[in-house]
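The values are calculated or read from the model by the stated rules, or taken from the named source; none is laboratory data. None of these values were measured; they are calculated from a predicted model. A quick note on method: Cβ atoms are made from the backbone with ideal geometry, for glycine too, and the neighbour counts reach across all protein chains shown.
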Amino acid sequence: MALAALALPLFAQEAPAEEEALAAVEEFLAGLDYQTGLIEVADGVASLNVPETFCFLGPEDAQSVLEDLWGNPPDDTVLGMLFPAGVSPDEMEAWGVVVTYEEDGYVDDGDAAKIDYAELLEQMQSDTEASNEFRRENGYEEVALVGWAAEPRYAPEEKKLYWAKNLRFGNAEENTLNYDVRVLGRKGVLVMRAVASINQLGDIRTGMDDVMAFVDFNEGYRYSDFNPDIDEVAAYGIGALIAGKVAAKVGLLKGLTLFLAKFWKIIALAAVGLLGFLKKMFAGKLGENDPREVS
């Protein structure tokens with residue numbers, strides 16, 4: 001059951017039953033199909049050998065979490081999500097890794113050592129501000145790119161690119177972290193984005209190192225398999241991968257690479273006066289002085 005659908009009948013009632021609301025949320029979470037082991041994505045282009053310390057949600061469940069639970073715009077490019085084992089997506093310490101694949105061709109990494117990341121950040125901040133018109137028109141909070149949470153770095157031997165952004169959504173007291181990894185392949189780029197709170201940067205950095213150890217392109221699709229005689233070359237390099245300027249230039253800002261802050265249900269359920277329900281649901285998860293506590 002989608003939480004967005006749950007919200008409508010709740011708003012129509014003056015005193016909805018806390019037990020029914022709790023049951024609906026629990027039903028949503030219980031319906032998620034977590035997977036481990038060898039999982040192929042992007043029609044066999046890449047594989048994730050998910051250990052017991054993580055779990056994977058397929059495309060449909062991943063989109064439900066992103067859109068209905070965390071409040072993101074729809075995105076049909078999502079191939080799945082990875083979560084640390086034993087942590088529910090509704091918990092305050094939860095974080096997830098969104099997996100997508102961009103088949104734009106072989107990305108030449110020759111510009112990696114020449115990029116001015118301070119200048120690139122200014123360009124990205126300008127592009128992010130420009131995307132807010134779309135967000136406002138579609139009922140989403142505005143977003144500000146505060147700065148690098150981790151400056152970009154490229155590992156040429158592994159063909160992996162890392163960086164992290166510090167984002168502020170609306171008037172949220174706590175900023176959001178997007179920790180990005182790109183794995184370069186023969187025909188495109190595997191995109192891994194961790195979504196969390198900014199104060200989880202240390203945990204995410206460690207967790208993403210673990211994730212990258214069990215994610216790789218399959219034989220025939222690796223960067224080293226590139227054949228210049230038959231394969232296409234992408235029209236951009238490493239700098240554009242970080243900035244996302246290619247998508248912006250072709251009018252794809254609505255396919256935002258920025259994910260909204262989590263805990264959508266706090267807003268939806270609080271609006272119908274379920275303060276007792278919220279206190280029950282988040283008992284032990286929100287501290288008395290946590291800025292996200294609803295009172």
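Annotations for the structure displayed:
- Residue check for residue 236: more than 18 Å from residue 47 (Cα to Cα), in a loop (DSSP other than H, G, I, E, B), of a type in the set (Phe, Trp, Tyr) and in the same structural domain as residue 49 (by TED's automatic domain parsing): yes
Quick grid of which residues meet (1) surrounded by 20 or more Cβ atoms within 10 Å (Cβ to Cβ); (2) modelled with pLDDT under 95; (3) not acidic (Asp, Glu):
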| site | (1), (2), (3) |
| --- | --- |
| 25 | no, yes, yes |
| 30 | no, yes, yes |
| 35 | no, no, yes |
| 47 | no, no, yes |
| 57 | yes, no, yes |
| 65 | yes, yes, yes |
| 72 | yes, yes, yes |
| 81 | yes, no, yes |
| 88 | no, yes, yes |
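- Note on the stretch 162-222: enclosed strands (runs of 3 or more DSSP E) holding 1 or more residues that are within 26 Å of residue 122 (Cβ to Cβ) and of a type outside the set (Asp, Glu) are 176-184, 189-197.
- Matching entry among 173, 157 (being out of contact with any strand residue (DSSP E or B) (no Cβ under 8 Å at 6 or more places or on another chain), among the charged types (D, E, K, R) and under 23 Å from residue 67 (Cα atoms)): 173
- Here the stretch 162-173 is the region considered, the condition is being buried (at least 19 other Cβ atoms within 10 Å of the Cβ) and not basic (Lys, Arg), and the residue that is farthest from residue 223 (Cα to Cα) is 169.
- Checking each residue of the stretch 118-141 against the condition of being modelled with pLDDT under 95, surrounded by 15 or more Cβ atoms within 10 Å (Cβ to Cβ), within 19 Å of the chain's Cα centre (by Cα) and outside any helix (DSSP H, G or I) gives at least one match.
Residues are listed down the side, and each one gets a yes or a no for (1) of a type in the set (A, V, I, L, M); (2) assigned by TED's automatic domain parsing to the domain that holds residue 202; (3) closer than 30 Å to residue 239 by Cα:
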position	(1), (2), (3)
47	no, yes, yes
54	no, yes, no
67	no, yes, yes
79	yes, yes, yes
85	yes, yes, no
100	no, yes, yes
104	no, yes, yes
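- Subset of the stretch 160-193 that is among the aromatic types (Phe, Trp, Tyr) and closer than 29 Å to residue 43 by Cβ - its residue that is nearest to the chain's Cα centre (by Cα): 179
- Residues of the stretch 218-237 classified as β-branched (Val, Ile, Thr) and either under 28 Å from the mean Cα position of the chain (by Cα) or under 20 Å from residue 158 (Cβ atoms) (or both), total: 1
- Some residue of the stretch 151-161 being in the same structural domain as residue 40 (by TED's automatic domain parsing), at pLDDT below 90, surrounded by 15 or more Cβ atoms within 10 Å (Cβ to Cβ) and among the aromatic types (Phe, Trp, Tyr): no
- Test: residue in the stretch 194-206 that is over 16 Å from the mean Cα position of the chain (by Cα) and either of a type in the set (Ser, Thr, Tyr) or not assigned by TED's automatic domain parsing to the domain that holds residue 98 (or both): yes
- Residues that are aromatic (Phe, Trp, Tyr) and crowded, with 20+ Cβ neighbours inside 10 Å within the stretch 102-117 comprise just one, 106.
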